[in-house]
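Here the structure comes first, spelled out in structure tokens, and everything after it is commentary.
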Amino acid sequence: MDKLNLSKHISSSFNDEIDEVRNHVMAMGGLIEQQLNNALMAIANADAELAQLVIDTDLKVNDWELQIDKECTSIIVKRQPAASDLRLIMAIMKTIADLERIGDETRRIARVALESFNSEQQDLLVNLDNLGRHVGQMLHDVLDAFARMDVETALLVHKEDKKVDREYEAITRQLMTYMIEDPRSIPKVMNVLWSARSLERIGDRCKNLAEYIIFFVKGKVVRHSSAEKLEQEARS
């Protein structure tokens, strides 16, 4: 943020409020990143206890969203921010909404670890783990980009979403083939399929977070823009 040379305000308390909200967003993001890592670890190790911890901890994610939303609303009412300050508040409110939804998807993923799989079905979880690690890196990178309001990193995260989509499509084909060959596996494999879908959605949310960073730094709405136009807008 410092490299953006944002203007300081007459009221130091305003600066403190903005900094506190940003710190809270990072704390929320850090919690969700840990939640995703734990959910994937629970699946890999068939750790039902860790999976249940992820499910229970989702309440803390919801609490963070409510708290930060309340703080942003208070700043808008009391300070009536303009220009970049208002863009920052708007970007934060959009960010926490997507982070909360990432938390919801992570909770759904953790529920898979509560299921029992035979050794052959367990092999299907390997690709799920690979997709999860890819998405987890996207989340880590976009949170880092948010901390620094780094447009270049945001662009890289945005591009990664297409790779995640391709991985998800490949996993879907594999799982569909497996279910056709062994109809008795359908209930269990569907759980894996829904988890893969949740990971794909987390990738979409990370892409959204990247767009909010570009919106704040550049003051341009880039949602629904082509990849070429988005890059042009971000670098103009």
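The values are calculated or read from the model by the stated rules, or taken from the named source; none is laboratory data. Model, not experiment: these values are computed from the prediction. Note that we place each Cβ from the backbone using ideal geometry, even for glycine, and neighbour counts take in every protein chain shown. Note: areas computed on protein heavy atoms with side chains; ligands, DNA, RNA excluded. Shrake-Rupley method; radii C 1.70, N 1.55, O 1.52, S 1.80 Å.
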Item to check | Scope segment 179-229; condition within 21 Å of Met149 (Cα to Cα) and of a type in the set (A, V, I, L, M, F, W, C); matching residues | outcome: Ile202, Cys206, Leu209, Ala210, Ile213, Ile214, Phe215, Phe216, Val217, Val221, Val222, Ala227
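Residue under question is Arg184, and the condition is that it be open to solvent by 20 Å² or more (accessible area, probe 1.4 Å) and more than 21 Å from the chain's Cα centre (by Cα); does it hold? It would help to see each step written out before you state the result.
Working: open to solvent by 20 Å² or more (accessible area, probe 1.4 Å): yes; more than 21 Å from the chain's Cα centre (by Cα): yes.
The answer is yes for Arg184.
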Checklist outcome for this item: The condition from (1) open to solvent by 70 Å² or more (accessible area, probe 1.4 Å); (2) without any contact (Cβ under 8 Å) to a residue 60 or more places away in the chain that Asp144 misses is numbered (1)
Checklist entry - Would it be correct to say that Ser236 is open to solvent by less than 10 Å² (accessible area, probe 1.4 Å), of a type in the set (Gly, Ala, Ser) and touching a helix residue (DSSP H, G or I) at 6+ places or on another chain (Cβ under 8 Å)? => result no
Checklist entry - Do we find that Leu139 is open to solvent by 10 Å² or more (accessible area, probe 1.4 Å) and of a type in the set (A, V, I, L, M) in this structure? => result no
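How many of the residues making up segment 66-99 are assigned to a helix (DSSP H, G or I) and either under 13 Å from Ile55 (Cα atoms) or of a type in the set (A, V, I, L, M) (or both)?
Qualifying residue count, segment 66-99: 16.
For every residue, the table says whether it meets (1) in contact (Cβ under 8 Å) with a residue 12 or more places away in the chain; (2) among the acidic types (Asp, Glu).
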site: Leu86; (1), (2): no, no
site: Ile89; (1), (2): yes, no
site: Glu115; (1), (2): yes, yes
site: Asn127; (1), (2): yes, no
